[in-house]
1. Would you please give the FRET efficiency between Val68 and Asn11, computed as 1/(1 + (r/R0)^6) with r the Cβ-Cβ distance and R0 = 41 Å, to the nearest 0.05?
2. What number in nm² do you get for segment 7-62 if you take the convex hull of its Cα atoms and divide its surface by four?
3. Report the FRET efficiency, 1/(1 + (r/R0)^6), for Arg39 and Ser60, where r is their Cβ-Cβ distance and R0 is 22 Å, rounded to 0.05.
4. Less than 10 Å Cβ to Cβ from Ile40, Lys/Arg counted +1 and Asp/Glu -1: what total charge do the surrounding residues give?
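Computed from the coordinates by the stated procedures, all read-outs in this text should not be read as laboratory data. Computed from a predicted structure; not experimentally measured. Neighbour counts run over all protein chains shown; Cβ positions are idealised from the backbone, glycine included.
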Amino acid sequence: MLVLTEDRMLNIEEVAEQLKVSQSTVRSLVRSGKLRAYRIGAKRGRLRFKQADVATYIDSTLVRPGDVDGESEVSPSADAYQGMKEHSPDLGDK
C-alpha cells in the first residue's frame with residue numbers, strides 16, 4: 001500500500017488563486033522554469049503542483065530593501081495628486 005506523507009497536489013486553478021494571478025501566468029511560470037509542475041495522468045496529463053514548490057516560488061520573489069524602486073504596481077504620484085487638487089479645489093491641504 002502506498003502511503004503519501006506529503007499534502008495533496010494542487011491543480012492550476014488552486015495555484016492561480018493562491019498567487020492571485022491568472023492560469024496563463026501560472027503556465028508561463030512553469031514554462032520559464034520559475035515554478036515546478038508535474039504532469040499526472042495518461043499522455044498529456046493535467047498540471048499538478050506541490051505546495052512546497054509553490055512556497056519555494058513565493059520565497060524566490062522576496063523583495064529586498066532597496067529593490068522596491070522598480071515595482072510595477074501603479075500608485076498615484078505627488079504630481080498626479082497635485083493635478084487632481086488643481087481640478088478639484090475641495091482636495092486642498094487640510
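1. 0.80
2. Taking the Cα atoms of segment 7-62, their convex hull projects to 3.8 nm² on average.
3. The calculated FRET efficiency here is 0.50.
4. Here the count lands on +3.
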